[in-house]
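Take a look at the structure below.
Values in this text are rule-based calculations from the coordinates and carry no lab data. Small disclaimer: the values here were computed from a predicted structure and weren't measured. Don't worry about glycine lacking a Cβ; one is built from the backbone with ideal geometry, like all the others, and counts go over all protein chains shown.
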Amino acid sequence: MTRPSPSNAASPKDNKVGDAPLIVVGRVLAERGHYGFLWADEDLVVTASYGRLVGFVTIGEDITFDLPALVGVENDIRALKETPGALLEMPAVAIVSHDSSTPRLNLLLMWIGEQDSYLCLVMRTRIGNETEIDLAQEVRRRLIAEAEVKAKSKELARANKDLEDYASVISHDLQAPMRALRYQVDDLEVALRETASQDVIQGLDRMRTQASRMGQMLSALLEYSSIGRKSAALFDVDTRALVNTIISSIEQGPERTITVTGDWPTLTTLEQPLDLVLRNLIDNAVKHHCGSDININVQGKMLGEHFEIKVSDNGPGIAPEHQDAIFLPFRTLRKAEGDEVRGLGLAIVHRIVTSVGGGISILGRSDGQTGAVFRVLWPKTILD
């Protein structure tokens, strides 16, 4: 198929007497820069042009290269092919051409099935003042930036979903061999009980401990990867009864005291996620205390459109430079690893709270004592 271009298009004086007057007029107007044509293939690459008005457009480049006003609407252009007779119009688009002029043009795009190509009719419109042109360019830059952000957000969401699916599959599939390993260690200990040395028995104990540790990490990873994919219904939750139930499941004694203070309302909210947040924060305060005389206070109160929860402890506290890191998976601030399980408790809490539109932060003790205060703002109203 041969399309017209500036190099092979006939000039008005070359027309024979028999040419239709309409064709003659059309050529004259195109050569005088009142309108022009662009043809683009299915990949939106410009294949031909006609008319002085579109002389700044580069043949062989994407149509958006010289017409940035079309950036972000590529899918709308491609949709023209699926709807015969459909038009896409972009009026009064400010264009900076190669000669630094800033003409304002109307763009009208359509799909020409007979030519198997897109056709862009470019027409002159009135020239606005400099302020109008600058404003139009700024609006277009914003639209381009929004389109780029939207595209990157979709790519990030897809990558996160792939990562979650991968973590879920790995953590689930590795549970079985880890259980088998623990069983084999138990069987080996029974078989060697009479003949093995104390060093061998201690080695088996360490293997069992490490296998158990890995199993706990895999369970935590499976739960972490499933956050955001669970469908949870809203229930009327008595928050005081909820926190009391959690505390009753944690062993207390002369050296471990957990108190509940403040106001704990009944909320219409997500019960299981709120349970996980409270349970992990309290369990974290107990597990990382590293000493005796453990005192933990769980305080609640309504604060505007949020339910504020504070979990305070009298442990070693958390340095400001480490406060972001503790919300990452499998992070711990202890230097000696020993048999400690690096869990996902705080990572789970952070992910749940942010997924419902809330927030979590770490505060210092206001009474001058050592320790940390985890502050959660849980939305009063959960949005879909």
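Odds and ends about this structure:
- Highest mean first, the peptides 200-206, 146-152, 238-244, 63-69 sorted by other C-beta atoms within 10 Å per residue fall in the order 63-69, 238-244, 200-206, 146-152.
- 3J(HN,Hα) couplings calculated from phi for region 177-190 with the Karplus curve 6.51 cos²θ - 1.76 cosθ + 1.60 (θ = phi - 60°) are, in sequence order, x, 5, 5, 4, 5, 5, 5, 5, 5, 4, 5, 5, 5, 5 Hz; Gly and Pro show x.
- Cβ-Cβ FRET estimate between LEU303 and ARG240, R0 fixed at 25 Å, reported to 0.05: 0.90
- Database remark: amide H of ASN295 closer than 5 angstrom to the amide H of THR257, ASN314 (H placed geometrically; neighbours at sequence offset of 5 or more, or on other chains; Pro and chain starts carry no H).
- Of the GluC sites (Glu not before Pro) in region 49-94, the ones in a loop by DSSP (not H, G, I, E or B) with at most 14 other beta carbons within 10 Å are GLU61.
- Fewest-first sequence of SER312, SER249 by Cβ atoms within 10 Å of each Cβ: SER249, SER312
- Sites ARG78 and ARG52 - FRET efficiency at Förster radius 25 Å, r taken between beta-carbons, to 0.05: 0.30
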